[in-house]
Amino acid sequence: MNTAISPQALLAVDAAMLPGHPFTAYREGALCIENVAAADLAQTHGTPLFIYSKAAMLSALAAYQRGFAGRHAQICYAMKANSSLGVLQVFAQAGCGFDIVSGGELERVIAAGGDARKVIFSGVGKTRAEMRQALKAGIGCFNVESEAELDVLAEVAGAMAVTAPVSIRVNPNVDPKTHPYISTGLKGNKFGVAHEDALRIYTHASNLKALRIVGIDCHIGSQITDSTPYLDAMDRVLDLVAEIEAAGIPLEHIDFGGGLGINYNHDTPPEADALWRELLVKLDARGYGQRKLMIEPGRSLVGNAGVCLTEVLYTKPGEQKNFCIIDAAMNDLPRPAMYQAFHAIVPVQPGRSAGNERLYDVVGPVCESGDWIGHDRVLDVKAGDLLAVLSAGAYCMSMASNYNTRGRAAEVLIDGSAVHLIRRRETAQDQMRHEQLAAN
Ligand code: LLP
């Protein structure tokens, strides 16, 4: 299929996509991240390669900090979005806390120089071993997700003769209007405790000696592009705060979770500062504006700070479609296969194109039809060209796998003109290190 597209259409695609990436731009016909040309990075470090802009991460963080100016707020980066040590280090040095969901994530926080006291531990299935590890490290708060977990935590803390700081995650039953796999605050979800049960469970917790109630939390979903679900959830949570405190259980902090979306494909989420200006109006009106506030943003801090650089291996005309086969795959960029997610794909050196635009499905080398990175993309490419998959800072490397015994990609952190290799490319030897042949 030779569906030729005009160069204007190609330019329109590029121009529309890059504004969401504040420190990624074309300069003299070459894609640059901060002051570094992507093509030079490919030359030095190979592809696929994740490239992160430190300035972009810090500017995303600054939007939250502006939103909370003058308030008592703690930002806990939800590190599941990108848990690479070099990324955690940026947020640890900026004074952030971390939202973790496993003992492994806690070890990463500590390895990156983070402060355990600013760690909150979320997740529906914490093990006793993870509870012990977190209590030993002295984390700031356990976000407890069920009555059963509360009892186990009390037992574990009691046996260690320590007190566990707890918050209970309540499910506000608000529709965040996002993909069903990443919506978490509805009644049918496995997360949190039901609104109607919250007071009873708080009362139960207040009778457990090894626990100290410090807060309440919620998280309604991810890639939320509208402030309405946040405002609704805030109302529901504040209703509960009033009820719980009226029952004589004080709450030091209120944690509103994460979830703010980014621009993947003409999405228009509010900026973090604008969102929080709006939310704080409600919080003030209801008399909770001076309370300690916590949030757990992940995607909005790192998503558009990262791109994945990839090389075109082959182009292949098909009977119904053209295929552009790249060296990155679903094991590196799992979001399209998992959620039919859209990631913009742009040329790294558009000036070198041959005026031969075609409509392509951009696919990886993995042996699955689900291994696609973009459908129906207008590209002017030939083997050896470099492409950049945008919005790849969140939920890409942290969800990457070794499927097809593909080594995970290398990662670099750009800081102005400085390039820091923060993860070397994984080898087959790395992957086989923990395996052995059976003794015959
Ligand atoms: N807090 C809790 C309790 C969470 O479960 C999550 C994300 C966050 C905070 C951070 O949410 P964010 O600000 O990043 O939206 N893999 C999916 C996203 C899964 C989100 C899971 N929970 C994706 O690639 O879209």
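Table for the structure above
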quantity	calculated
Restricting the range 297-320 to residues that are in a loop (DSSP other than H, G, I, E, B) and open to solvent by less than 10 Å² (accessible area, probe 1.4 Å), the residue that is farthest from I216 (Cα to Cα)	G298
Hits in the range 236-267 - residues which are part of a loop (DSSP other than H, G, I, E, B), surrounded by fewer than 17 Cβ atoms within 10 Å (Cβ to Cβ) and touching a His at 6+ places or on another chain (Cβ under 9 Å)	N265
Condition broken by A157, with the remaining ones in (1) crowded, with 16+ Cβ neighbours inside 10 Å; (2) free of Cβ contacts under 8 Å to residues at least 40 places away in the same chain satisfied	(2)
Strands (runs of 3 or more DSSP E) within the range 78-149 that include 1 or more residues more than 21 Å from Q65 (Cα to Cα)	119-121, 141-144
Filter result for V389 (away from the ligand (no atom under 16 Å from the Cβ) and among the aliphatic types (A, V, I, L, M))	no
Residue selected from the range 74-86 under the condition open to solvent by less than 40 Å² (accessible area, probe 1.4 Å) and more than 13 Å from the ligand (Cβ to nearest atom), by the criterion nearest to P297 (Cα to Cα)	Q74
Residue within the range 301-310 that is more than 16 Å from the ligand (Cβ to nearest atom) and either assigned by TED's automatic domain parsing to the domain that holds N143 or touching a Lys or Arg at 6+ places or on another chain (Cβ under 8 Å) (or both) present	no
Residue check, I216 within 16 Å of A148 (Cα to Cα) and surrounded by 18 or more Cβ atoms within 10 Å (Cβ to Cβ)	no
Index of the failed condition, A233 passing every other in (1) modelled with pLDDT of 95 or more; (2) in contact with a helix residue (DSSP H, G or I) (Cβ under 9 Å, 6 or more places away or on another chain); (3) within 16 Å of the ligand (Cβ to nearest atom)	(2)
Matching residues, the range 269-296, being more than 16 Å from the ligand (Cβ to nearest atom), open to solvent by 10 Å² or more (accessible area, probe 1.4 Å) and part of a loop (DSSP other than H, G, I, E, B)	R286, G287, Y288, Q290, R291
Residue match in the range 226-235 (condition: touching a Lys or Arg at 6+ places or on another chain (Cβ under 7 Å), surrounded by 15 or more Cβ atoms within 10 Å (Cβ to Cβ) and assigned to a loop (DSSP other than H, G, I, E, B))	yes
Meets criteria (more than 19 Å from the chain's Cα centre (by Cα) and either touching a residue at least 12 places away in the same chain (Cβ under 8 Å) or in a loop (DSSP other than H, G, I, E, B) (or both)) for F323	yes
Residue among V366, V389, V378 that is at pLDDT 95 or above and over 19 Å from the mean Cα position of the chain (by Cα)	V366
Hits in the range 408-427 (condition: in contact with a helix residue (DSSP H, G or I) (Cβ under 8 Å, 6 or more places away or on another chain), surrounded by fewer than 18 Cβ atoms within 10 Å (Cβ to Cβ) and within 18 Å of G364 (Cβ to Cβ))	R425
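The values are calculated or read from the model by the stated rules, or taken from the named source; none is laboratory data. Note that the structure is a prediction, hence the values are computed from the model and not measured. Backbone-built Cβ (ideal geometry, glycine too); neighbour counts: all protein chains shown. Please note that ligands, DNA and RNA were not included when accessible areas were found on the heavy atoms of the full protein model with its side chains. Shrake-Rupley method; radii C 1.70, N 1.55, O 1.52, S 1.80 Å.
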